[in-house]
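Presented below is the structure to which this report refers.
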Amino acid sequence: MPRHFSAFVALVLASAVPAAAQNPPPSGNAVKNGMFAETYDAPNLWNGVDHDGFLAGPTLKVVALDGQGNLSNNENDRSLMPLGVTVGDLNGDKLPDILSTDPLGYVRVYFNEGSPNEPKFGAGELTTPFLARPDGAPPWTPNFGDMQSQEITTSDTGTDYNQWFFNWSRRRLAPRGFLAPGPRGTLDLWVGNYFGDVLLVRNEGGPTAPVFNQPRDFASIIVPTMPEANKRWGNLFSPLFGDVTGDGQPDLLIGEGSYSANNVHLLANQGGPDKPVFDANKRTQIALGEGRQHLTPALADANGDGKTDVLVSDRAGRVAVHLRPADWQTGREFPFSGYLSKAGGLTKDSGQSLQFGDGITTLATADLNGDNLFDLVVGRPNGRIAWAPNRGTATEPKFEAPGDIRSTASAPPITKMPEKWLTDAGESRGNFGGFISVVGAEDPAVGDRGRKVLRFGYQALPNKILKRPDFLFPGAAKFDMTVDQTGVDNIFRLGTNWDRTHFEGATRRMREAPSNAYLIRQKVNPLAINKTYTLSFDLKGARVVKSSALLVYRAFEKLGEDRLVRGERGAVGKQKGDSISGQQIEMTGFPVTANWTTFSKDFRINFPKQPAANKLAATSEAVLEIYCELTPPDGVLYIDNIKLEPKAD
Ligand SMILES: [Ca+2]
Ligand SMILES: [Ca+2]
Ligand SMILES: [Ca+2]
Ligand SMILES: [Ca+2]
C-alpha cells in the first residue's frame, strides 16, 4: 500500500539539500550485496562468553565525563563502560556466583560450577529484567526552533529532535547491580544507572533458583533518593547495600560517575527492610573521589581490624582503599588510605598500584576460593570479567595479578554480518537473544540452496537454572515505520555515510519499535524516475508476526543559487534559490511461508504529490528497508537474492 507524506513532511522537504547534478538514468540492480556474499565479522556475546572463551559481555561508549572532567558528546571521546559485577550464592550450593550487568541493560548470572577452593564458571544465563527499557516520554522537549533551520545535512545522527528522543531513550544505560539479602532471605538486586536512578529488583525465587522478574514499569521499582523526581543530584550510579556504619543495619552506598563531585555517598535507611527510603538531602560522603572518577564501591575488611572498610575502583583501573578510622563517627568520611599495591598492602604511589586495565573498571569483593580472604572480581574495559585471588593475610592483603576468567563453556562462533547493510536486531530494545547473521550450508534451513543467506532470528540460550527470558516489549503506540515523528529526514539521514560501523543508523530508526522487531536498511543506487522497478527476494520463515518492505526515495534539483541578502539593521540572511523536489514512501507487506518462495512487487518511481519532480531523471536518494517482527524464542526469517531492477518496458 503506497503511503504519502503529511504536510508536516512537506515542510522539511524544502530544506533537503543532497544530490549533486543529475546523473544519466541508472540501470541494473540497485541493491548492493543483495546475495550476502560480502560479510564482516562481529562478536556474539549473548551467552556471556567471548570468542576467545572468556567471561565477557558487550561494552558501550556512553556520554560521560572524560579524563579532563568534561562531558563530551563527541563519539570518539565517550567513555567505554565495562560490565558491572556483583557476587552472591544465588542457587544455594554455597558456591559464590557472579551476576553481571552489561551496559546495554542485560543481566547474566554465571553459576559457579567449581569447588569451594576453586571457582569455575560456564556461560552466563540471561534473565529479566532488561534494565535499559526505553519506556516513557521525556518530561519536556527543548525548543529546537523551526524544523527547516535544523542542520540536518551535516549530522550523521539525525536531527536535534531525533537526538533528544534517542538520548532520552538511552538514559538507563550502563546499569550496575549489587546483590544483597532481602527480607525473604534471598538475594535481591539493587541497580544504579546512568540516569541516577536507584532500582530494587526483588528476588521472587527460592533458595535454589532466583527469579528476577521484569517490573510492571520502572516507577514501581525505583527506590526514592531524589527529593524531586526530575532533579538529579548525581548520575552513573553504582549502588551497594550493606552495613558500613557498623550498627548491623545495611546502608546504601552510591558511587557516582559523571557529575563533578565523584564521591561515594552514604544514605541511611529511613524506611524499613520491606520498603527502604533514603533522603539524598541527608547523605554524607563516605569516600571522597579527590579527582578519581567513575567510582564503584565494594566492602571488605582490608586491614584485619574487624571493621568494614570501603574499596573503590576508578576510571584508571586502580582500587582505592578507604580504611575506617578507629575513632570514626557518623557523618565523617573514611579517608583515602592508599591503593591496593602490587606488592601487597597499600601504596599511595599510583605507579605501584594493582592495575585492572586502562579505563573505567567495576569492582566486587567476595571470597571465591574459600580461604576466608576476600578476593576481587572486576569488570574490565576489555569487556571481560577478571578476578584476583588474595594470597596475603587478614591484615595485609596481597593479590595475584588479575586474570580474565576463562569459561568452561565453549566459545561462540563469530557472527557474519552483511556488508552494505545497516542492521538492528533489537539489542537496545530488550530482544533477548535476537540477532541477524549471514548463514550458509551449515544452517539446515539453508540446506542445498548452497549459498549464503541472511537470517533474522534468536540465539539458543544456555539457561538451566534461570527461566529463559522470552519477554516481549510492545512498541510505542504511535510507532509507524513510514513516519519518523522526529522528522522524516531521519529516514534518509541516519547513518549518513551508510557505513556499517555506524550501527546507530538502524538503531535510531527503530527507537520506538517493539522489542522483537528487526530491520536491515541500505541506501540503494539511484532509481530512474517514471520507470517501473521490480523489488524481489527469496524468503522462508516461521513465526513471523509482521513483515514489510519499505522503499523511500526523493529527488532534488536546484535551479538557482542561494543568495546572501542584507536585511534590517545589517543582518545577513540566506535566500534560498528555487528548486524542484519530490519525496515518496512505498510500503508493502510480504507473505512468509515455511518453504522458499520468491516475493516480487512492482513500484512506479514517481512523485504524485510533487509532479514537477517527475521531470527529473533519477532519484537523488533512495533507501530500501526490510522489517520483520518475530515471536521469541524460535521465530526466524531467511532472506536472499534481494533485487530492485527496472522492469522491461
Ligand atoms: Ca552458587
Ligand atoms: Ca549501618
Ligand atoms: Ca578494617
Ligand atoms: Ca579468597
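The values are calculated or read from the model by the stated rules, or taken from the named source; none is laboratory data. These numbers come from a predicted model, not from an experiment. FYI the Cβ positions are ideal-geometry reconstructions off the backbone, even for glycines, and counts take in every protein chain you see.
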Just to be sure, is LEU288 at pLDDT 95 or above, surrounded by fewer than 24 Cβ atoms within 10 Å (Cβ to Cβ), under 21 Å from LEU236 (Cβ atoms) and of a type outside the set (Val, Ile, Thr)?
-> no
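Would you check if there is a residue in the range 278-287 being aliphatic (A, V, I, L, M), closer than 20 Å to GLY331 by Cα and touching an Asp or Glu at 6+ places or on another chain (Cβ under 9 Å)?
yes
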Is it fair to say LEU236 is more than 16 Å from ligand 4 (Cβ to nearest atom), of a type in the set (A, V, I, L, M, F, W, C) and under 30 Å from ASP327 (Cβ atoms)?
-> no
If a residue has to be away from ligand 3 (no atom under 16 Å from the Cβ) and either of a type in the set (Gly, Ala, Ser) or under 24 Å from ALA56 (Cβ atoms) (or both) to count, how many in the range 362-375 make the cut?
-> 8
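For the condition in contact with a Pro (Cβ under 8 Å, 6 or more places away or on another chain), farther than 23 Å from PRO239 by Cβ, more than 16 Å from ligand 4 (Cβ to nearest atom) and touching a residue at least 24 places away in the same chain (Cβ under 8 Å), what is the one hit in GLY92, GLY124?
Just a single option satisfies the conditions, and that option is GLY92.
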Given (1) within 16 Å of ligand 2 (Cβ to nearest atom); (2) part of a loop (DSSP other than H, G, I, E, B); (3) closer than 16 Å to PRO297 by Cβ, index of the condition GLN270 fails = (3)
Which listed residue is in contact (Cβ under 8 Å) with a residue 12 or more places away in the chain and within 16 Å of ligand 2 (Cβ to nearest atom), from THR361, THR330 | THR330
Would you confirm whether any residue within the range 207-227 is at pLDDT 85 or above, surrounded by fewer than 17 Cβ atoms within 10 Å (Cβ to Cβ) and within 16 Å of ligand 2 (Cβ to nearest atom)?
-> no
Hey, any hits in the range 429-444 for a residue that's touching a strand residue (DSSP E or B) at 6+ places or on another chain (Cβ under 9 Å), under 16 Å from LEU83 (Cβ atoms), hydrophobic (A, V, I, L, M, F, W, C) and away from ligand 4 (no atom under 15 Å from the Cβ)?
-> no
Could you tell me whether any residue of the range 148-158 is surrounded by fewer than 22 Cβ atoms within 10 Å (Cβ to Cβ), away from ligand 4 (no atom under 16 Å from the Cβ), modelled with pLDDT of 75 or more and not charged (D, E, K, R)?
-> no
Somewhere in the range 346-361, is a residue within 25 Å of ASP89 (Cα to Cα) and either buried (at least 24 other Cβ atoms within 10 Å of the Cβ) or not basic (Lys, Arg) (or both)?
-> yes
For the range 312-326, indicate whether the set of residues that are over 27 Å from ASN382 (Cα atoms), surrounded by fewer than 17 Cβ atoms within 10 Å (Cβ to Cβ), over 36 Å from the mean Cα position of the chain (by Cα) and among the charged types (D, E, K, R) is non-empty.
-> no
Given the conditions (1) near ligand 3 (Cβ under 10 Å from one of its atoms); (2) among the β-branched types (Val, Ile, Thr); (3) surrounded by fewer than 23 Cβ atoms within 10 Å (Cβ to Cβ), report the number of the one that THR330 does not fulfil.
-> (1)
Which of (1) surrounded by 21 or more Cβ atoms within 10 Å (Cβ to Cβ); (2) away from ligand 1 (no atom under 16 Å from the Cβ) is the odd one out, the single condition LEU179 does not satisfy?
-> (2)
Could you tell me whether LEU240 is within 15 Å of ligand 2 (Cβ to nearest atom), closer than 22 Å to THR86 by Cβ and touching a residue at least 60 places away in the same chain (Cβ under 8 Å)?
-> yes
State which residue is nearest to ligand 2 (Cβ to nearest atom) when the search covers only the range 82-127 and only residues that are polar (S, T, N, Q) and out of contact with any Asp or Glu (no Cβ under 8 Å at 6 or more places or on another chain).
-> THR86
Return the residue satisfying two criteria in turn: it lies in the range 333-361 and is of a type in the set (A, V, I, L, M) and more than 16 Å from ligand 3 (Cβ to nearest atom), and of such residues it is modelled with the lowest pLDDT.
-> ILE360
Considering residues that are more than 16 Å from ligand 4 (Cβ to nearest atom) and either touching a Pro at 6+ places or on another chain (Cβ under 7 Å) or closer than 18 Å to PRO116 by Cα (or both), the number found within the range 346-384 is 11
